[in-house]
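*Asks:* Right, I'll just put the structure down here and ask away after.
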Amino acid sequence: MKEVSFIKRNIDKWKAMEDTVDEAYNVSPDVLADAYQELTADLAFSQTHFPDARITVYLNNLASALHNKIYRNKREKRSRIITFWTREVPLTMWEARRLLLASFLIFVVSVVIGVLSTLGDADFPRLIMGDGYVDMTLNNIEKGEPMGVYGSEAESPMFFQITLNNIMVSFRCFVAGLLTSFMTGFILMQNGIMVGAFQAFFYQHGLLWESSLAIWLHGTIEISSIVVAGAAGLSLGNGWLMPGTYTRLESFRRGAVRGMKIVVGTVPLFIIAGFIESFVTRHTDLADGVRLSIIVLSLFFVVSYFVVLPWHLYGRKKKQEYGNQENRETED
């Protein structure tokens, strides 16, 4: 079907839906639900066949407006706490996939900067991590306990302190988006340079393998979650910096909602990472195979949840919406 025919066939219905949105409080829930189902089917069809057309933008805005009217005062089901992490967060990650890639690249480049800077200047880690921390680590290395810092405190207080600190870092990455995406990028760069300098520091002392097993035991989830939180901050910053076809206020609102879902979705991961760092990482006598297995499983989970599952859910959603559109056309 050509775009002109598609518009001519449905324009009257869409105009009626505009009135439905304006009078939503006086319309029955069943009528609203039917209208929303039809509208999302039209939107899916338009996104598939006319992805860059103005009609797709129009339908997307209309569907969003109707969605907000339907769900603004809807009482949430108890199952929402489950579907939030199993469906909402992954689908939001799909929407933010380019921002996630940007956050990842910023972090990786920063790690490389930290490594090269440390290899070029042995005092660079002192600038990044402070003299006190470096001197303490050197003392631990001399005592034969290079990872002794992870066993310097009692497990429970360390767990709460580390978990709270990591959650605050993720929220700072997000809130920094209020000061444009560049501030979120700056925080990502700080963390990336610190990780790179830390690893290069141990490499210079012949402890790269041991430090990697200890750091990435908890760091696989922790660092990955910070990168994901960076995507949330970029979403917030881009929301008002680059509004696109939306008004700046509406674009900011969308970016804020998307970013908040992402950053809240990382909280359980920071709790897991904090538990591993406080209760497991300190046991440097664990077999290398055990520690490496935990790292690999953590990486598998992160990639599965933040990359594979969003792609799978989005594909299933598009297939369902397109099927509904074709069924409706067949009935017509």
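The values are calculated or read from the model by the stated rules, or taken from the named source; none is laboratory data. In this text the structure is predicted, and so the values were computed from the model without any measurement. Note that each Cβ is placed from the backbone with ideal geometry, even for glycine, and that neighbours are counted across all protein chains shown. The accessibility values were calculated without ligands, DNA or RNA, using every heavy atom of the protein model including side chains. Shrake-Rupley method; radii C 1.70, N 1.55, O 1.52, S 1.80 Å.
*Asks:* If R₀ is 56 angstrom, what is the calculated FRET efficiency for the pair Tyr314 and Phe160, using the beta carbon separation as r and rounding to 0.05?
*Replies:* For Tyr314 and Phe160, the calculated efficiency is 0.95.
*Asks:* So for the range 29-151, what percent of the C-alpha to C-alpha distances run longer than 20 Å?
*Replies:* 71 percent
*Asks:* What is the diffusion coefficient of the range 184-225 in µm²/s, taking the Kirkwood radius over Cα pairs and the Stokes-Einstein relation at 25 °C with a viscosity of 0.890 mPa s? Don't jump to the answer; show the numbers that get you there.
*Replies:* Details: Rh = 10.8 Å.
Stokes-Einstein gives a translational diffusion coefficient of 226 µm²/s.
*Asks:* Extent of the range 84-206 along each principal axis, from alpha carbon coordinates, in Å, largest to smallest?
*Replies:* 49, 38, 25
*Asks:* Next question. So, with +1 on the Cβ of K and R and -1 on the Cβ of D and E, and no other charges, what is the size of the charge dipole of the chain about its Cα centre, to the nearest 20 debye? Present the calculation step by step, with values, prior to reporting the outcome.
*Replies:* Values: 31 positive and 33 negative charges, 184 e Å.
Its charge dipole is roughly 880 debye.
*Asks:* I need the fraction of alpha carbon pairs in the chain separated by more than 25 Å, rounded to a whole percent. Write out the running numbers ahead of the final one.
*Replies:* On the way: 33041 of 54946 pairs.
Here the tail beyond 25 Å accounts for 60 percent of pairs.
*Asks:* Continuing with this model, one more query. Just subtract the alpha-carbon distance of Trp14 and Lys143 from 0.36 nm times their residue separation and send over the number in nm, one decimal.
*Replies:* Separation in residues times 0.36 nm, less the Cα-Cα distance, equals 39.0 nm.
*Asks:* Residue by residue through the range 251-260, which ³J(HN,Hα) values in whole Hz follow from phi under the Karplus form 6.51 cos²θ - 1.76 cosθ + 1.60 (θ = phi - 60°), with glycine and proline marked x?
*Replies:* Values per residue, Gly and Pro as x: 5, 5, 4, 5, x, 5, 5, 4, x, 5 Hz.
*Asks:* For Thr284, enumerate residues with amide H under 5 Å from its amide H, sequence gap 5+ or separate chain, H modeled in the peptide plane.
*Replies:* Result for Thr284 returns nothing.
*Asks:* If you roll a 1.4 Å probe over the heavy atoms of the protein chains, what accessible area per residue do you get for the chain, in Å²?
*Replies:* 55 Å²
*Asks:* Of Ser117, Phe84, Leu127, which is farthest on the positive side of the dipole of the range 77-132, counting Cα position, with +1 on Lys and Arg Cβ, -1 on Asp and Glu Cβ, and the Cα centre as origin?
*Replies:* Value: Phe84.
*Asks:* Provide the three semi-axes, in whole Å and in decreasing order, of the ellipsoid equivalent to the range 179-297 as defined by the square roots of 5 times the Cα gyration tensor eigenvalues.
*Replies:* 36, 16, 8
*Asks:* Okay, moving on. Kirkwood Rh over Cα pairs of the range 235-320 into Stokes-Einstein at 10 °C, 1.306 mPa s: D in µm²/s?
*Replies:* For the chosen part, D equals 99 µm²/s.
*Asks:* Between Ser224, Ile295, Gln161, whose Cα lies farthest towards the positive end of the dipole of the chain when Lys and Arg beta carbons carry +1 and Asp and Glu beta carbons carry -1, centred on the Cα centre?
*Replies:* Sorting the options by dipole projection puts first Ser224.
*Asks:* With the full set of protein chains in place, find how many percent of the accessible area of the chain is carbon and sulfur; take the probe as 1.4 Å.
*Replies:* Carbon and sulfur together cover 63 percent of it.
*Asks:* Taking trypsin sites (Lys or Arg not before Pro) as candidate sites, keep only those in a DSSP loop with at most 11 other Cβ atoms within 10 Å, then name the longest stretch of the chain containing none of them.
*Replies:* The longest uninterrupted stretch comes out as 144-332.
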